[in-house]
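Peer 1: Next up is a structure, given as structure tokens.
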Amino acid sequence: MSGIADALGRALGAVARAADRRLDALGLAPPPLDLPPEVRDDLRAFFAGTVDPTAVTIRRGHVPGVPHTRAFALPGLIFLGADPGVVGIGGLAGSVRPRATPTLVHELVHIWQGRFLGPRYVVRALGEQIRLGRRAYDWRAALDRRAALGITPAGAPGGDAPTARRAALPVEAHAQLVSDAYAARYGPPRQPAPSGRDEHLRAVEDVLTGLRAGDACTLRGRTV
């Protein structure tokens, strides 16, 4: 099944990129987002070089003629929908520093998933959105469900105590966890922590460690 999902995700990405090139040639594609150098550097540091944002076509807006204004990512291509992608964050002495939005980070995590999990992430993300709607993004609930089942860090039932640590997350919950962590650490000063629960914060650290190492161990559906 993973091979079929990879093939389908790869095909969807190829078709989307071809359509984007055609729309761009006709002058109908949304404008590309030119990331400021500070934002590129921040993103490279946050992902520890596992994602190169300059290797991805990022467009401000949505696909022409498609009544879908939400952001989405296919292999090599991101449409930001209504999200600006970059915002200015006030600093000392009235300075303004550009930062990537959490939405852009979320979509870049999908690009990361495509690299380290495979193009199947596209099929999995679509399936999760269809089945769960907005609940697909609730990584805290996903961790709690795994903990309630007694999933151990090794990924097998049993163990001395239920734990959410190193539980494998669905692709949308995984991307949302990372974007929430980015917002909490790099966003405005009043941005709250991703969670007040220790087990959730440990899971956040595990996911970020795996992200920066190019290790999909905390992502459901990985190849073993």
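The values are calculated or read from the model by the stated rules, or taken from the named source; none is laboratory data. All values reported here derive from a predicted model rather than from experimental measurement. No Cβ is skipped: glycine too gets one built from the backbone with ideal geometry, and neighbour counts run over all protein chains shown.
Peer 1: Assess whether GLY88 counts as being more than 24 Å from GLY214 (Cβ to Cβ) and without any contact (Cβ under 8 Å) to a residue 12 or more places away in the chain.
Peer 2: yes
Peer 1: Right, next: Could you check region 76-85 and list, in sequence order, the residues that are under 13 Å from PRO31 (Cβ atoms) and surrounded by fewer than 17 Cβ atoms within 10 Å (Cβ to Cβ)?
Peer 2: The answer is PRO84, and nothing else.
Peer 1: Can I ask one more? What is the residue count in region 85-100 for residues that are part of a loop (DSSP other than H, G, I, E, B) and either under 21 Å from ALA11 (Cβ atoms) or at pLDDT below 95 (or both)?
Peer 2: The total comes to 2.
Peer 1: Taking region 2-33 on its own, how many of its residues are among the hydrophobic types (A, V, I, L, M, F, W, C) and within 10 Å of PRO119 (Cβ to Cβ)? Spell out the reasoning first.
Peer 2: The first filter runs over region 2-33 and keeps only residues among the hydrophobic types (A, V, I, L, M, F, W, C), leaving 4-5, 7-8, 11-12, 14-16, 18-19, 23, 25-26, 28-29, 33.
Still in the running and within 10 Å of PRO119 (Cβ to Cβ): 5, 7-8, 11-12, 14.
So the answer is 6.
Peer 1: Could you give every pair whose Cβ atoms fall below 7 Å, whose first residue belongs to region 189-217 and is farther than 19 Å from GLY118 by Cα, and whose second residue is at pLDDT below 75 and among the polar types (S, T, N, Q), counting only separations of at least 6 or pairs across chains?
Peer 2: That search, which allows pairs on different chains as well, returns GLU199/THR163; LEU201/SER195.
Peer 1: So in region 20-31, with the set limited to residues that are in contact (Cβ under 8 Å) with a residue 12 or more places away in the chain and loosely packed, with under 15 Cβ neighbours inside 10 Å, which one is nearest to the chain's Cα centre (by Cα)? Explain how you work it out, then say what you get.
Peer 2: Within region 20-31, the first condition is being in contact (Cβ under 8 Å) with a residue 12 or more places away in the chain, and the residues that meet it are 20, 23, 28-31.
Right, trim to loosely packed, with under 15 Cβ neighbours inside 10 Å and you get 28, 31.
Numbers: LEU28: 27, PRO31: 22 Å.
Among residues in region 20-31 that are in contact (Cβ under 8 Å) with a residue 12 or more places away in the chain and loosely packed, with under 15 Cβ neighbours inside 10 Å, the one nearest to the chain's Cα centre (by Cα) is PRO31.
Peer 1: State whether the residues of region 43-62 include one that is in a strand (DSSP E or B), under 20 Å from the mean Cα position of the chain (by Cα) and not hydroxyl-bearing (Ser, Thr, Tyr).
Peer 2: yes
Peer 1: Please enumerate the residues belonging to region 53-70 that are more than 21 Å from ARG22 (Cβ to Cβ) and either touching a helix residue (DSSP H, G or I) at 6+ places or on another chain (Cβ under 8 Å) or in contact (Cβ under 8 Å) with a residue 40 or more places away in the chain (or both).
Peer 2: Once the filter is applied, which keeps residues that are more than 21 Å from ARG22 (Cβ to Cβ) and either touching a helix residue (DSSP H, G or I) at 6+ places or on another chain (Cβ under 8 Å) or in contact (Cβ under 8 Å) with a residue 40 or more places away in the chain (or both), region 53-70 yields PRO53, THR54.
Peer 1: Here's something else I'd like to know. Cβ-Cβ under 7 Å, sequence separation 6+ or interchain: first residue in region 108-136 and assigned to a helix (DSSP H, G or I), partner among the charged types (D, E, K, R) and surrounded by 24 or more Cβ atoms within 10 Å (Cβ to Cβ). Which pairs?
Peer 2: What qualifies is ALA125/GLU172; GLU128/GLU172; GLN129/GLU172; ALA136/GLU172.
Peer 1: Right, something else. Please determine whether any residue of region 140-152 is surrounded by 13 or more Cβ atoms within 10 Å (Cβ to Cβ), outside any helix (DSSP H, G or I), modelled with pLDDT of 85 or more and touching a helix residue (DSSP H, G or I) at 6+ places or on another chain (Cβ under 9 Å).
Peer 2: No: region 140-152 contains no residue that is surrounded by 13 or more Cβ atoms within 10 Å (Cβ to Cβ), outside any helix (DSSP H, G or I), modelled with pLDDT of 85 or more and touching a helix residue (DSSP H, G or I) at 6+ places or on another chain (Cβ under 9 Å).
Rundown of residues vs (1) among the hydrophobic types (A, V, I, L, M, F, W, C); (2) surrounded by fewer than 20 Cβ atoms within 10 Å (Cβ to Cβ), yes/no style:
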| position | (1), (2) |
| --- | --- |
| ARG70 | no, yes |
| LEU74 | yes, no |
| VAL87 | yes, yes |
| GLY90 | no, yes |
| VAL96 | yes, yes |
| VAL105 | yes, no |
| LEU108 | yes, no |
| ILE111 | yes, no |
| GLY114 | no, no |
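Peer 1: For region 65-80, how many residues are in a loop (DSSP other than H, G, I, E, B) and either over 26 Å from ALA7 (Cα atoms) or within 15 Å of the chain's Cα centre (by Cα) (or both)? Steps first, answer last, please.
Peer 2: Of the residues in region 65-80, the ones in a loop (DSSP other than H, G, I, E, B) are 65-71, 75-76, 80.
Filter again for either over 26 Å from ALA7 (Cα atoms) or within 15 Å of the chain's Cα centre (by Cα) (or both), leaving 65, 67, 69-71, 75-76, 80.
Residues meeting the conditions: 8.
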